[in-house]
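Notes to accompany the following structure.
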Amino acid sequence: NAGVTQTPKFQVLKTGQSMTLQCAQDMNHEYMSWYRQDPGMGLRLIHYSVGAGITDQGEVPNGYNVSRSTTEDFPLRLLSAAPSQTSVYFCASSRQGSHSGNTIYFGEGSWLTVV
Amino acid sequence: ILNVEQSPQSLHVQEGDSTNFTCSFPSSNFYALHWYRWETAKSPEALFVMTLNGDEKKKGRISATLNTKEGYSYLYIKGSQPEDSATYLCASVKAAGNKLTFGGGTRVLVKP
């Protein structure tokens with residue numbers, strides 16, 4: 001059981017480049033989300049999805065785009081990378097119902113550096 | 001409290017000692033409180049999801065309590081071991097919301 005799989009694990013980008021962080025889960029979870037982790041700031045929600053075809057903004061959505069064409073996949077796109085987007089990114093999923101009372105399963109993180 | 005706050009930010013514990021730390025969260029419209037354990041380069045691992053005032057949960061040497069009226073939760077580690085070294089994250093959920101608000105984490109280092 002793979003759980004939540006994120007790729008790539010490490011990436012260095014130049015300012016202005018675009019890229020996509022991939023996220024896939026094999027648990028048939030309805031809810032998926034992307035967080036970024038910055039020192040001392042905890043995990044901040046970027047975008048989330050309550051099901052295929054439905055996405056919404058989180059706390060820090062600017063500079064990022066998402067889509068949810070299937071239940072399994074929830075890619076995060078950086079449109080024009082900026083040094084402020086240097087961070088660790090986590091994809092997460094949870095089963096149908098809501099994020100609220102259900103355990104959230106995280107991927108292993110993607111370390112992104114923008115130079 | 002408007003945000004989720006964790007204290008202290010970091011903690012050094014001698015192997016074998018017990019320790020605890022705090023998560024403070026907005027008590028209004030409370031729905032659930034999550035605790036996660038995160039080791040660098042690994043996935044954050046769910047420890048507890050707590051919803052009821054007075055709830056106490058235990059997993060091995062780690063336990064947590066919840067006070068929803070005053071808006072705090074304590075995480076306890078009994079007889080700390082080096083493998084307990086990690087960042088412990090809490091997150092609160094407001095009623096009818098799908099969004100978790102995370103605290104900044106407490107980084108625990110257990111020294112042999």
**Q.** For the stretch B:11-112, the fraction of alpha-carbon pairs in successive 10 Å shells from zero, as %
**A.** 16, 48, 28, 7, 0
Q: Evaluate the distance, in nm, between pseudo-label points positioned 7 Å from the Cα of A:Ala82 and of A:Lys9 along their respective Cα→Cβ axes.
A: 3.0 nm
Q) Excluding ligands and nucleic acids, what accessible area in Å² is computed for B:Leu52 using a 1.4 Å probe, to the nearest 10? A) 110 Å²
**Q.** Cβ-Cβ FRET estimate between A:Gln22 and A:Asn65, R0 fixed at 22 Å, reported to 0.05
**A.** 0.95
Q: Determine which aspartates and glutamates satisfy two conditions relative to B:Lys42: a Cα distance under 19 Å, and not lying fewer than 8 residues away in the same chain.
A: A:Asp26, A:Asp38, A:Glu108, B:Glu83, B:Asp84
Q. Which value, in Å³ per residue, describes the convex hull spanned by the Cα atoms of chain A?
A. 92 Å³
Q: For the stretch A:1-76 and the stretch B:16-70, write down the distance between their C-alpha centroids in whole Å.
A: 25 Å
Q | Shielding score for B:33-46, defined as the mean number of other chain Cβ atoms within 10 Å | A | 4
Q) How much length is gained on full extension from B:Lys59 to B:Leu109, taking 0.36 nm per residue of separation minus their Cα-Cα distance? A) 16.1 nm
**Q.** Farthest toward positive dipole pole in the protein assembly as shown [+1 Lys/Arg, -1 Asp/Glu at C-beta], among B:Gly79, B:Phe30, B:Ala64
**A.** B:Phe30
Q. How big is the charge dipole of the protein assembly as shown about its Cα centre, in debye rounded to the nearest 20, if each Lys and Arg gets +1 on its Cβ and each Asp and Glu gets -1 on its Cβ?
A. 140 debye
Q | Extension reserve of the B:Gln81-B:Ala95 stretch, reckoned as 0.36 nm per residue once the Cα distance is removed | A | 1.4 nm
Q.
From the protein chains alone at 1.4 Å, what is the descending order of accessible area for A:Arg95, A:Arg36, B:Arg61, A:Arg44, largest first?
A. A:Arg95, B:Arg61, A:Arg44, A:Arg36
Q: Could you calculate the FRET efficiency of B:Thr51 with B:Ser10 from 1/(1 + (r/R0)^6), where r is the beta carbon distance between them and R0 is 30 Å, rounded to 0.05?
A: 0.55
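The values are calculated or read from the model by the stated rules, or taken from the named source; none is laboratory data. Note that the coordinates shown come from a computational prediction; the quantities given were computed from them, not determined experimentally. Note that each Cβ is placed from the backbone with ideal geometry, even for glycine, and that neighbours are counted across all protein chains shown. Just the protein is used for accessible areas: all its heavy atoms, side chains included, with ligands, DNA and RNA removed. Shrake-Rupley method; radii C 1.70, N 1.55, O 1.52, S 1.80 Å.
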